[in-house]
Structure formats: structure tokens, C-alpha cells
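The values are calculated or read from the model by the stated rules, or taken from the named source; none is laboratory data. Quantities reported herein were computed from a predicted structural model and do not represent experimental measurements. So basically every Cβ, Gly included, is an ideal-geometry build from the backbone, and we count neighbours across all protein chains shown.
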């Protein structure tokens, strides 16, 4: 079963040059995203996704290898899920 | 029922002074004069005695001291023991049973939230304009906002926006900052650095004893009606020589975010728009952290030399 992730509804994204900032309106935690993270968040803002689709998007958007894209997405997902900025569910 | 049109409003036997502590009358006048789109609602502001309050269902979405904010069908209501403020896009109704800190906080919060409905966002910052560009000095009380603003105003072509509160929004697509008019408040230490200024009465600003300076008297003909934000300054008191350090947009955004956290609450209207404005400020301005050393008080002109140079780099 595929794990689907979506943006937590209480989180707002503010774009900034070279990335952006996520703010959790409940905990007041804010989290800085680099350009890669901001691209991934923008993708999730369009709708729920999974690690395979996110890695494929990163591979196309930044012209990186599939291996590198998967590693970046995995690390990003771990960090944002830990902070409660993403919500995970069975797809 | 009465609508404040000057510095004081009378409600039954109660007189509310909106001019100095809250700044509501001047601020409302300022808001009504702001550029607005054709679709922006007209705002009316009414003050009335506190009457019966219908209980509200639903969770508290924000707390401001003893005040609690809950969503209503058309907006928000802020309730305290002696205060009830209803905020809707076209109408703010302030019910009070007394006049004190609780009512002033409620009115200030209501004003900030009502301004959001008009596309203007309150930022806790001083502002000084020079040649159409604004230097916004942001920080908590005691950080040195007024000291920096007064130092910048030493330049003969500088004009004042505010020493504590501004609103930021877009007019014809361009980011713009407008000051909320109120008296400046300076500590005795700051005043000693600007001997030409004349201060009036003493007031308490949180833990700080401050003297009141009327900018209309101290800087006649030099009130700015608005400017394009160019430089964000985040002052702090230091022990070494005064110096400015450049901040990244992300660092500047984080510093703008901290004092705004109370008003960025899920369920509170305009939070997303408020973040967009803070993000635009951080992205479009040059930002510096300013360590204020003892030399800033002994030679305040070094602040103008330093900070105007930062602004000139944006040209």
C-alpha cells in the first residue's frame, strides 16, 4: 500500500527568494525551505502525493538523477512529518 | 452610541481617550484615507456601552491576555470581562464597561484585524521616509526603534511615518507603508541624545518609563503620508560598537514573524494575507540587524550614515 502525504491544513507557506517558510498556525513552529523544498511543497499544494511521484517531479524540475531525487525526497518527508507539517495516510 | 471622530469619544458617562494610548481615532482616519480597491468595503466603527452578550459556540481561536477571540457567522468577536468587540468586514462594534488596558488592547486588535479586511496589515515597527523610500524599524518595546527613528529624522529631508505602528499593503500593485499616527515615546536615555526635542508628560510603556514627544510639534511639516518600503532594520541593544549586519530574506521574515505570531492563528481572518505581506517585505527590502552600542547614543548620526547607505544600495 502506498503512503500518501498531504500538507497539514493548519500550515501556511510564504514564498521567499530561493525558497520559502512554512508556519504552523497552531504550534507557531516555522520551517525554512530551500528551493528544492519549496518546489516539493508547491507540488503538494496542488494535492496529495507520494514519495515516488514527488521524486519524479524533483528529477524533472532540477535535472538530477533518480537516486538523488529519491534521497532528497525521503529526507524532506522525514523532517516535515516529524515537525507535523505533513500528514501521512494510506493511499 | 457614538463614533469617534476626534481624540475622545463619550459613551454614556464614560470618556474613551482614543488618541494616545490606542491611537484609534487617528488610525481610523488614516485607514479611511488609504488607497482602496473598488471592491473594498467601507469600514464603520462604533463604540457603545457593554450590553447583553449572546453566548458563542465554538473554540477560542486566539487569546490576548484576558481577551478571547471566537469566530462568528460573519467575522470574529473578542470578549473580555468588561469588553466585547465584534469585527466584521464592514463594521466594528466596540462594547465597553470601563476604560483601561483591556479595552485598549481589544480596540488595537480589532483595528489591526479590521485593517486586514481592507488589505492593510499592521506591523509593529517605526517608519521613516526619505525621498519616497521607507526605512522600517521593527522590534519589541525597548529594542531601540524610537532611537533609530529619531536618528534618521536628523536628516533634513527625512519625514516620519510612526515610531511604533505602521500598516503595509499594496496600492496599484506596489508595496506601500503608511504610519498610524500617534505620539512618539522615548526613554530619558534616548531623549538625552536628542537635546533639541521637547517632551511632554511621562507614560509607562510596559516596563519602560517614557516621555511623550508630539512629532507634529518636533518635526513640523514633515509627516509622511506613505512610502515604498526599502530597508528593514531590526535593532537590538549591544555592548560593542554599533554595527549593521545584513540579513537574508528568510532571517528577516523570521524576525517579522515573531511579534506577529499572536495574530497568526488558524480561524483568525487574514492570516494568509498577513504572511504574504510579511513575505513581500522580507523579499523586496534590504534587511539588517543593527547592534546598537553606546556610540549610537553619544553620536546618533552614525545611525543615519549606516542605514541610509544600506538604502542607497537598493537604487
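Observations on the structure shown:
- Top-ranked residue of the range A:10-37 - restricted to ones that are at the interface with chain B (Cβ under 8 Å from one of its Cβ atoms) and out of contact with any helix residue (DSSP H, G or I) (no Cβ under 8 Å at 6 or more places or on another chain), ranked as surrounded by the most Cβ atoms within 10 Å (Cβ to Cβ): A:10
Each row is one residue, and each column tells you yes or no for (1) surrounded by fewer than 20 Cβ atoms within 10 Å (Cβ to Cβ); (2) more than 23 Å from residue B:254 (Cβ to Cβ); (3) over 18 Å from the mean Cα position of the chain (by Cα).
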site	(1), (2), (3)
B:79	no, yes, yes
B:82	yes, yes, yes
B:130	no, yes, yes
B:144	no, no, no
B:150	no, yes, no
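- Residue in the range A:45-62 that is farthest from the other protein chains (Cβ to nearest Cβ), counting only those that are in contact with a strand residue (DSSP E or B) (Cβ under 7 Å, 6 or more places away or on another chain) and surrounded by fewer than 17 Cβ atoms within 10 Å (Cβ to Cβ): A:50
- Selection count where residues are within 18 Å of residue B:273 (Cβ to Cβ) and within 14 Å of the chain's Cα centre (by Cα), scope the range A:8-23: 10
- In the set B:277, B:288, only one residue is in contact (Cβ under 8 Å) with a residue 60 or more places away in the chain and at negative phi; that residue is B:277.
- Matching residues in the range B:273-296 - criterion: being in a helix (DSSP H, G or I), within 16 Å of residue B:139 (Cα to Cα) and in contact with a helix residue (DSSP H, G or I) (Cβ under 6 Å, 6 or more places away or on another chain): B:278, B:282
- Qualifying residue in the range B:81-99 (condition: in a strand (DSSP E or B), farther than 23 Å from residue B:273 by Cβ and without any contact (Cβ under 8 Å) to a residue 40 or more places away in the chain): yes
- Single residue of the range B:96-126 satisfying the filter (within 17 Å of residue B:63 (Cβ to Cβ) and touching a helix residue (DSSP H, G or I) at 6+ places or on another chain (Cβ under 7 Å)) that is surrounded by the most Cβ atoms within 10 Å (Cβ to Cβ): B:107
- Residue in the range B:213-227 that is modelled with the lowest pLDDT, counting only those that are buried (at least 16 other Cβ atoms within 10 Å of the Cβ) and in a strand (DSSP E or B): B:213
- Counted residues, the range B:263-272 - those being facing chain A (nearest Cβ under 9 Å) and assigned to a helix (DSSP H, G or I): 2
- Number of residues in the range B:189-200 that are assigned to a loop (DSSP other than H, G, I, E, B) and either surrounded by 14 or more Cβ atoms within 10 Å (Cβ to Cβ) or modelled with pLDDT of 70 or more (or both) equals 7.
- Residue tally, condition within 14 Å of another protein chain (Cβ to nearest Cβ) and either over 17 Å from residue B:135 (Cα atoms) or in a helix (DSSP H, G or I) (or both), over the range B:242-258: 10
- Meets criteria (under 23 Å from residue B:129 (Cβ atoms), part of a loop (DSSP other than H, G, I, E, B) and in contact (Cβ under 8 Å) with a residue 24 or more places away in the chain) for residue B:239: no
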